[in-house]
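Some notes on the structure that comes next.
The values are calculated or read from the model by the stated rules, or taken from the named source; none is laboratory data. Note that the structure is predicted; figures quoted are calculated from it, not measured. Here Cβ is always computed from backbone atoms with ideal geometry, including for glycine, and neighbour counts include all displayed protein chains. With ligands, DNA and RNA removed, areas are computed over all heavy atoms of the protein, side chains included. Shrake-Rupley method; radii C 1.70, N 1.55, O 1.52, S 1.80 Å.
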Amino acid sequence: MSTTFKLDTSTSRAHPTPQPMRRLTVPRIRARKKDGVTEEPIVMLTAYTARQAQLLDAHCDILLVGDSLAQVIYGLESTVPVTLEMMANHAAAVVRGSYHSVVVVDMPFGSYEASKEQAFESASFLLKQSGAAAVKLEGGEAMAETVAFLNQRGIPVMGHVGLTPQAVNVLGGYAARGRSDSEAEKIVSDAKALDDAGAFAIVIEGVVEPIAIEATKAVSCPTIGIGASAQCDGQVLVTDDMLGMFDRVPRFVKQYEDIASIIEKTVATYAEEVRARSFPSEEQTYQPKD
């Protein structure tokens, strides 16, 4: 049964009154692919804060609280140092800021690989603390048993194959995957294993297009491409990359705007007015009553 969220009539900037809408569910996302076909591609973007979620929510099917927050928010060199507490806090903010999208939260490196039991403990912590609907973890056949274990215990799982950033030290970098026959075969078999284990969707990252298409056709659940193919069942990008917040972005990113230059220009104008004592003006200043 669908849930209609009660409207918040607060005038707070943190909790503005949202438009009335029903939040999507994991089963509805899974059902978007029928008989190997997804008529309406799934729209997914990353979100890390409540305000960002508010701006993205009406346009997306899924908001991913990605461990990419390591670089985007914290300025870290990789996703490896991210903790469960970091992910839970940001996921809770995104849940509070959204009313429509399915919120999925990344499981950070070291929080699920040791055992199925460790994965359940970590995943249940994330969902309890944040209110997110599902978790995402990296890895293919090696993680299939864990995915099934979580799924059987009420935790929906999104998979992730191809270029897996948490394994960058093993992979030797961020180069596209699937160029060799052995890599291509592994990517497809990894996707199949996750699908068989019950993953409701699978991210395919940094994979040459023919292999991304082959993997998409090989599984019954939707695939979400990032640096893969337009023929995947949906697409995801890091929001800050596509908005132009960073100069250096992966080749597969299309920058739809140059927000960084807008911010710099705006701040430069503010600084100029402060130094010239033209801000605050009379319009922004309180005066005694007559």
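What to note about this one:
- Filter pass, Lys265 being over 30 Å from Ala144 (Cβ atoms), under 19 Å from the mean Cα position of the chain (by Cα) and among the charged types (D, E, K, R): no
- Considering Val105, Val82, Val94, the condition of being buried (at least 24 other Cβ atoms within 10 Å of the Cβ), part of a loop (DSSP other than H, G, I, E, B) and out of contact with any Cys (no Cβ under 6 Å at 6 or more places or on another chain) is satisfied by Val82 alone.
- Subset of the range 192-209 (residues that are part of a helix (DSSP H, G or I), over 19 Å from the mean Cα position of the chain (by Cα) and in contact (Cβ under 8 Å) with a residue 24 or more places away in the chain): Lys192, Ala193, Asp195, Asp196, Ala197
- Pair list, Cβ under 8 Å, 6 or more apart: the range 233-261 residue over 30 Å from Ala31 (Cβ atoms) and in contact (Cβ under 8 Å) with a residue 40 or more places away in the chain, other residue surrounded by 16 or more Cβ atoms within 10 Å (Cβ to Cβ) and among the small types (Gly, Ala, Ser): Pro250/Gly206; Pro250/Gly227
- Subset of the range 58-79 [in contact with a strand residue (DSSP E or B) (Cβ under 7 Å, 6 or more places away or on another chain) and either more than 19 Å from Val253 (Cα to Cα) or open to solvent by 30 Å² or more (accessible area, probe 1.4 Å) (or both)]: His59, Asp61
- So Glu113, is it in a loop (DSSP other than H, G, I, E, B) and open to solvent by 40 Å² or more (accessible area, probe 1.4 Å): yes
- Within the range 213-244, tally of residues that are at negative phi, in contact with a strand residue (DSSP E or B) (Cβ under 9 Å, 6 or more places away or on another chain) and in a loop (DSSP other than H, G, I, E, B): 10
- So Leu76, is it free of Cβ contacts under 8 Å to residues at least 12 places away in the same chain and within 17 Å of Asp240 (Cα to Cα): yes
- Residue within the range 40-56 that is exposed (fewer than 14 other Cβ atoms within 10 Å of the Cβ), at pLDDT 95 or above and small (Gly, Ala, Ser) present: no
- Within the range 108-154, the set of residues being within 25 Å of Ala218 (Cα to Cα) and within 20 Å of the chain's Cα centre (by Cα) comprises Ala134, Val135, Lys136, Leu137, Glu138, Gly139, Gly140, Met143, Val147, Leu150, Asn151.
- All positions within the range 214-232 that are within 14 Å of Lys33 (Cβ to Cβ) and either without any contact (Cβ under 8 Å) to a residue 40 or more places away in the chain or of a type in the set (A, V, I, L, M, F, W, C) (or both): Ala215, Thr216, Ala218, Val219, Cys221, Thr223, Ile224, Gly225, Gln231, Cys232
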